[in-house]
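Reviewing the structure listed below.
Values quoted throughout were computed directly from the atomic coordinates according to the rules given, and no laboratory measurement underlies them. Predicted model only: the values in this text are computed from it and were never measured. Note: ideal-geometry Cβ built from the backbone for every residue, glycine included; neighbour counts use all protein chains shown.
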Amino acid sequence: MSVFMDLNIISSNDKNRLQSIIETAAHLGYSTVAINYVIEPQQKKPEIPKPQSVSDIFDKFPIVQGKSSPIKVLNRLTIVASDASHFRPTNEYKNFDLVAVYPKTEKLFHCLYVFPHLSQAACMTFDVDIICIAVTEKQPFHFKRAPVNGAIDRGVFFEICYAAAIRDNIMRRYTISNAFVLMELCKGKNIIVSSGAERPLELRGPYDIANLGLVFSLSDGDAKAAVSTNCRSVLLHGETRATAFGVVHTMKKPQTPEKQEEETPAPKKAKIELV
């Protein structure tokens, strides 16, 4: 059975509203959600808020629909950056399970993801898990294949949020148009679809979102992955970013019958043929 996730629930000072959104997500079948703290810096050293402890939200977390386990709640930080100086990883970043960036300029987007190996003087590296795509306005710059592929090679995922499309018809056009342009370049790779919900009514079930992915020109498999396996990969990327430079997973490859026959000793082959 698939494990569905929504990695963008907008944070709120209203505890009751936040509880209601998380309860709705659990009822819809989401196993994991992330509370998103969005920061739009106006200075070079923005103040990073300390996330609310998830244990303070519920005394007992709601059970996920169709499962026996409670919903898992994570904390996420999103930096809306118009300049490279707006993103300066500090110890405060370590308080968040996921880190995302919303680049507002073409220069910042292209520089950061094509040349992550260059020094800060030439290009500052954004060590993030998610790149956010504009949904409330027309994409302010054109995507290019090189930076998109560069982000994919680094294991970074692109996020499309659908709540804005529910609120307003114009934003719906922007969301679909911007998503469609991105899909032409990434071919459905490394895409997650999140809600960006501020109210419970803005949430939709995972299968509804998978169908919405078809509108974004995702294939059926990629649309389902955008709310399940790709989200799991984002979490693993966040854990790796916070704890290590990388993880190597080894698995023994099963031998095919043809290969086994080739490796059979000659005397044993002769006996088999005689039999």
* Asked: Put a dot 7 Å past each Cα toward the Cβ at Phe141 and Arg154; how far apart are the dots in nm?
  -> 1.3 nm
* Structure fact -> Note, region 224-237: 3J(HN,Hα) by Karplus (6.51, -1.76, 1.60, θ = phi - 60°), whole Hz, Gly/Pro = x, goes 5, 5, 5, 10, 9, 5, 5, 5, 4, 5, 4, 5, 5, 5
* **Simple label model, 7 Å out from Cα along Cβ direction - Lys60 to Glu92, nm** => 3.7 nm
* Asked: Listed highest first by mean packing, meaning other Cβ atoms within 10 Å per residue, what order do 74-82, 213-221, 13-21 come in?
  -> 74-82, 213-221, 13-21
* Structure fact -> Between Arg232 and Asn211, Cβ-based FRET efficiency (R0 35 Å, step 0.05) works out to 0.95
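Which length gain, in nm to one decimal place, applies between Ser20 and Glu47 when the Cα-Cα distance is subtracted from 0.36 nm times their residue separation?
Numbers: separation 27, 0.36 × 27 = 9.72 nm, distance 2.82 nm.
Answer, rounded to one decimal: 6.9 nm.
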* Structure fact -> Residues whose modelled amide H sits under 5 Å from the amide H of Lys72, counting only those 5 or more places away in sequence or on another chain, are Thr32, Val33
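Round to the nearest 0.05 the FRET efficiency obtained for His27 and Ser82 when R0 = 30 Å and r is the Cβ-Cβ distance. Each step should come with its number before you reach the end.
Numbers: r = 38 Å, r/R0 = 1.26.
Computed FRET efficiency for His27 and Ser82 comes out at 0.20.
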